[in-house]
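Q: Could you have a look at this structure, given as structure tokens, before my questions?
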Amino acid sequence: MALISVAEARALVLDGVKRLKAEHVALKDARTRTLAEDLTARRTQPPFRASAMDGYAVIASDTEADRATLKVIGEAPAGRAFAGEVTSGQAVRIFTGAPVPEGADAVLIQENTAVLDATTIRVTEKVAKGRNIRAAGLDFNEGDALLKAGIRLDWRSLALAASMNYPTVPVVRRPTVAILATGDELVAPGQPAGPDQIIASNAFGLAAFADEKGGVPIDLGIVPDKRDVLIQRIDDALKSEPDILITLGGASVGDHDLVRESLAAIGLDLGFWKVAMRPGKPLMFGQFGRTRVLGLPGNPVSSLVGATLFVGPLIGALLGNDISHEPNIESARLGADLGANDSRADYLRARLERGHDGLPVATAFDVQDSSMLQRFAVCDCLILRAPFAGPVAAGDTVEIIRL
């Protein structure tokens, strides 16, 4: 199967993806969830004229006379309105958030009064009509569409939803992301490792990545390089119908790279194998029923770059997010010269610094080996280099994916 471009591969991964069904969750459990429907306000906020300050509800024209005095006829604390009406020469003691009584057209703040006795105040500074009163509906009105489907709910939008009187909200079901690592050379962190083995790391990074993007990661553990065992474990994983199945390693052309033939043995409809990108060339994709299967390379950085380019957008598509563009692409100045590129798209790990002209400055690491997680952990972005791109000099504008 011939190499295909990143854009072609991404289009195949996202082709025909439909947003997952909605479910209702309590507001307290909805943080980071994707809103499934537009939300319209169920009430007006505030639902009445409300005092914006502690003070006295008055008729503004009564405060214009020098050393004017007013009779205090009652009190309006928050949550309990004064039942009567304010007429000329009168005032009602009022507190922030309380309904403004009928007849009053301003709130005189308490700092601008002098208390003469239990029922009399003197005005020390006049107040303008409408001052310190929040109009009914100042924030929003019943029926206003305030939160749009597709947004990821955060602390601000959750506060707004609560104010709109939603105890629960409709959110898109989180896609399940099953992750299966393969290879005799792998052992779990903390387990005894033989002299020829390494610690498995990819699955932990991918699980955290999937969770951050809105998925539900499912760790299926490590499978040895045995064809029958691998087929059985993949088959078991597919029977649970995860939305996404990710295999790690075993996707290349070596004698012990068994994932592709194992997937084929259980009927995977292979969409592509090998992408013209670096790192991550031995990457494959196919479908089994409603499960989309991504075979990511075993090299740690290759798998995590593959997740950035394909898994993240796929999770976003299943959540109903915008999938028309590659994620997080922006411009930056180049911090050091780069030579011409070859036939594969390159994704170079780089550090970012603040630039003088508003654009960040991206400087690629001198060594880009796909096994080096330490540099991936401290890099800020990936510099994008198109296939056959010519040399670029420090100061030139490049595209980056910010991590």
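Quick grid of which residues meet (1) modelled with pLDDT under 95; (2) hydroxyl-bearing (S, T, Y); (3) within 30 Å of D29 (Cα to Cα); (4) surrounded by 15 or more Cβ atoms within 10 Å (Cβ to Cβ):
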{"site": "Q197", "(1), (2), (3), (4)": "yes, no, no, no"}
{"site": "G215", "(1), (2), (3), (4)": "no, no, yes, yes"}
{"site": "Q232", "(1), (2), (3), (4)": "yes, no, no, no"}
{"site": "L238", "(1), (2), (3), (4)": "yes, no, yes, yes"}
{"site": "S262", "(1), (2), (3), (4)": "yes, yes, no, yes"}
{"site": "G267", "(1), (2), (3), (4)": "yes, no, no, no"}
{"site": "F272", "(1), (2), (3), (4)": "yes, no, no, yes"}
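Q: Considering only segment 287-302, state which residues are buried (at least 22 other Cβ atoms within 10 Å of the Cβ) and of a type in the set (G, A, S).
A: Hits for segment 287-302 are G295, G298, S302.
For every residue, the table says whether it meets (1) touching a Leu at 6+ places or on another chain (Cβ under 6 Å); (2) farther than 30 Å from K28 by Cα; (3) modelled with pLDDT of 95 or more.
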{"position": "E64", "(1), (2), (3)": "no, yes, yes"}
{"position": "R93", "(1), (2), (3)": "no, yes, yes"}
{"position": "E102", "(1), (2), (3)": "no, yes, yes"}
{"position": "I121", "(1), (2), (3)": "yes, yes, yes"}
{"position": "G130", "(1), (2), (3)": "no, yes, yes"}
{"position": "L147", "(1), (2), (3)": "yes, no, yes"}
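Q: Being at pLDDT below 95 and either in contact with a Cys (Cβ under 9 Å, 6 or more places away or on another chain) or over 20 Å from V223 (Cα atoms) (or both): is that true of G320 here?
A: Considered against the rule, which asks whether it is at pLDDT below 95 and either in contact with a Cys (Cβ under 9 Å, 6 or more places away or on another chain) or over 20 Å from V223 (Cα atoms) (or both), G320 comes out as yes.
Q: Do we have A83 as part of a loop (DSSP other than H, G, I, E, B) and assigned by TED's automatic domain parsing to the domain that holds A60 here?
A: yes
Q: Can you pull out every residue in segment 21-74 that is aliphatic (A, V, I, L, M) and over 32 Å from the mean Cα position of the chain (by Cα)?
A: Scanning segment 21-74 gives A50, A52, M53, A57, V58, I59, A60, A65, A68, L70, V72, I73.
Q: Test G280 against the criterion of being modelled with pLDDT of 90 or more, part of a loop (DSSP other than H, G, I, E, B) and among the small types (G, A, S), and give yes or no.
A: The answer is yes for G280.
Q: Please work out if P47 is buried (at least 16 other Cβ atoms within 10 Å of the Cβ) and in contact (Cβ under 8 Å) with a residue 40 or more places away in the chain.
A: When the stated conditions are applied, P47 does not pass them.
Q: Which condition number in (1) part of a loop (DSSP other than H, G, I, E, B); (2) surrounded by fewer than 19 Cβ atoms within 10 Å (Cβ to Cβ) is the one that D225 fails?
A: All conditions pass for D225, except number (2).
Q: Can you tell me which of (1) crowded, with 21+ Cβ neighbours inside 10 Å; (2) in the same structural domain as A394 (by TED's automatic domain parsing) is the one V305 doesn't meet?
A: Failing condition for V305: (2).
Q: What strands (runs of 3 or more DSSP E) completely inside segment 87-182 contain at least 2 residues that are crowded, with 20+ Cβ neighbours inside 10 Å?
A: By residue number, 90-94, 106-109, 120-123, 168-172, 176-182.
Q: Another question, then. Within segment 216-242, restricting attention to residues that are closer than 15 Å to T176 by Cβ and of a type outside the set (A, V, I, L, M, F, W, C), which residue is nearest to the chain's Cα centre (by Cα)?
A: The qualifying residue nearest to the chain's Cα centre (by Cα) is P217.
Q: Step by step: first the residues of segment 199-213, then only those that are among the hydrophobic types (A, V, I, L, M, F, W, C) and in a helix (DSSP H, G or I), then the one that is surrounded by the fewest Cβ atoms within 10 Å (Cβ to Cβ). Which residue is that?
A: Taking the candidates together, the pick is A208.
Q: If you don't mind, there's one more thing I want to ask. (1) of a type in the set (V, I, T); (2) in contact with a Gly (Cβ under 7 Å, 6 or more places away or on another chain); (3) under 30 Å from E37 (Cβ atoms): which one isn't true of V171, the others all being true?
A: (2)
Q: Hey, another quick one. One residue is enough: does segment 279-297 have a residue meeting the conditions touching a residue at least 40 places away in the same chain (Cβ under 8 Å), closer than 19 Å to L3 by Cα and of a type in the set (G, A, S)?
A: yes
Q: Continuing with this model, one more query. Can you tell me which of (1) crowded, with 17+ Cβ neighbours inside 10 Å; (2) closer than 30 Å to G286 by Cβ; (3) of a type in the set (S, T, N, Q) is the one S5 doesn't meet?
A: (1)
Q: Let me ask something additional. Under 7 Å between Cβ atoms, at least 6 apart or on separate chains: pull out the pairs that start in segment 195-224 with a residue that is within 23 Å of P175 (Cα to Cα) and in the same structural domain as G312 (by TED's automatic domain parsing) and end on any residue that is among the charged types (D, E, K, R) and surrounded by fewer than 16 Cβ atoms within 10 Å (Cβ to Cβ).
A: Listed pairs, sorted by first residue: A203/D219; A207/D219; P217/D211.
Q: Let me ask something additional. Pick from A149, A181, A188: which is over 30 Å from R49 (Cα atoms), assigned by TED's automatic domain parsing to the domain that holds D225, out of contact with any helix residue (DSSP H, G or I) (no Cβ under 6 Å at 6 or more places or on another chain) and not polar (S, T, N, Q)?
A: Of A149, A181, A188, the one residue that is over 30 Å from R49 (Cα atoms), assigned by TED's automatic domain parsing to the domain that holds D225, out of contact with any helix residue (DSSP H, G or I) (no Cβ under 6 Å at 6 or more places or on another chain) and not polar (S, T, N, Q) is A188.
The values are calculated or read from the model by the stated rules, or taken from the named source; none is laboratory data. The shown structure was predicted, so the numbers you read here are calculated from the model rather than taken from an experiment. Methodologically, a virtual Cβ is constructed for each residue, glycine included, from the backbone with ideal geometry; neighbour enumeration extends over all protein chains shown.
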